[in-house]
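Working notes, beginning with the structure itself.
Each value in this text was obtained by applying a stated rule to the coordinates, not by laboratory testing. Because the structure is predicted, anything quoted here is derived from the model rather than measured. Using ideal geometry, Cβ is built from the backbone for each residue, glycine included, and neighbour counts are taken over all protein chains shown.
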Amino acid sequence: MSPDAGRPPRSRSRGYLNPDVVLRFSFWTITACIIVAVFAAVLAIWAFTGTDALWRTVATCAVIGGGTLTFAWINTIFDRGGH
């Protein structure tokens, strides 16, 4: 009898890096960008910062979030073939 008998088959991971770690990293990075953007928007509403700071913050968060999503997508392209 095989030592793997009775175990569910392992799913093949995809990507060069661990997809679960990349997914968690992407989620928390995008979450942080959303929190920073909302915080900057609230400060702008209360006239603590000018509108220029608001749009720079939103643009920065959009670039960081987009880069994180792109990284997660590229990671899945570099499939290691189950190694």
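How many nm is it between the label spots at residue 53 and residue 34, if each spot is 7 Å from the Cα in line with the beta carbon?
The two pseudo-label positions are separated by 2.4 nm.
For residue 17 and residue 43, calculate 0.36 nm times their separation in residues minus their Cα-Cα distance, and state this gained length in nm to one decimal.
5.6 nm
Taking the stretch 14-83, which chymotrypsin sites (Phe, Trp or Tyr not before Pro) meet the DSSP loop condition and have no more than 14 other C-beta atoms within 10 Å?
Sparse-neighbourhood loop chymotrypsin sites (Phe, Trp or Tyr not before Pro): 16, 46, 48, 78.
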